[in-house]
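Presented below is the structure to which this report refers.
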């Protein structure tokens, strides 16, 4: 279970505090429920995903994770001055897998398909390379909830299929919280939804109802 309690979020700009991205969101995501985040571009879907994953923090309010939640696969959470290998080592140690370090590093390196770039600073990576590393890092550990931001869109067609197949395997034993612009992907993995609009969030038990409400508002 994940509890989102009266969460507000805005970012600082060169001119001071920006507009509110999220405003007073309160909802509970049940255990064993796979959820899509839907809304127009810029609505705050990725922002909420980052708050749920713990790689960003609310301006006000709180997010309580009562389960093991992955970081957002597809972006964020990597230290740019460290190499891919150093990032992977850090994550392994944080999760208490020092004794299995070499095996997990080998898996991450092989799955991410970064070649020699695995030993280069992450700040030199393309967005696709970062996404592949993030995805491989998440696969290396067991979570109750995996959160994904367009993760199956990373890389070439072959890697996208590889990522989608791996994601299916994870979703069969855990739940997911997902952002994707592909409606088919959402329907493949999710049953419920959170519709974000105007900084507010509305829970739908049924994904199709959320998509209908979103598209009705979008084209009205």
Projected area of the stretch 1-112, taken from the Cα convex hull and averaged over every viewing direction, in nm²? 9.1
The chain: angle of helix 157-171 to the longest principal axis, Cα-based, in degrees nearest 10: 70
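Among the DSSP beta bridges whose two residues both lie in the chain, what percent are antiparallel, rounded to the nearest 5? Provide the component values of the computation, followed by the final result.
Working: 18 of 32 bridges.
Looking only at bridges with both residues in the chain, the antiparallel portion is about 55 percent.
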In this structure, the FRET efficiency calculated for residue 126 and residue 19 from their beta-carbon separation, with R0 = 35 Å, to the nearest 0.05, is 0.70
Along the principal axes of its C-alpha atoms, what lengths does the chain span, in descending order and rounded to whole Å? 51, 41, 32
Gain in length, residue 202 to residue 55, computed as 0.36 nm per residue apart minus the alpha-carbon separation, to one decimal in nm? 50.6 nm
Output row, site residue 160, 7 Å Cα→C-beta label point, backbone N cut-off 13 Å, window the stretch 170-210, residues 181-185
Compute the acute angle (0 to 90°) between the alpha-carbon long axis of helix 207-218 and the principal axis of greatest extent of the alpha-carbon atoms of the chain; round to the nearest 10°. 60
How large is the direction-averaged shadow of the alpha-carbon convex hull of the stretch 100-186, in nm²? 6.1
Taking a spot 7 Å from the Cα of residue 95 along the direction of its beta carbon, which residues of the stretch 12-33 have an amide N less than 11 Å from it? none
Report, to two decimal places, the Cα Rg of the stretch 143-220 normalised by 2.2 N^0.38 Å (N = number of residues). 1.18
Would you calculate a helix-derived [θ] at 222 nm for the chain, using -39,500 (n - 2.57) for each DSSP H run of n ≥ 4 and dividing by the full residue count, to the nearest 500? -11000 deg cm²/dmol
Quick one: angle between helix 127-139 and the longest Cα principal axis of the chain, in degrees between 0 and 90, rounded to 10, please. 80
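Readers should treat all values here as calculations from the given coordinates under stated rules, not as data from a laboratory. The structure displayed is predicted, hence computed values, not measured ones. Glycine gets a Cβ as well: all are built from the backbone with ideal geometry, and neighbour counts include every protein chain shown.
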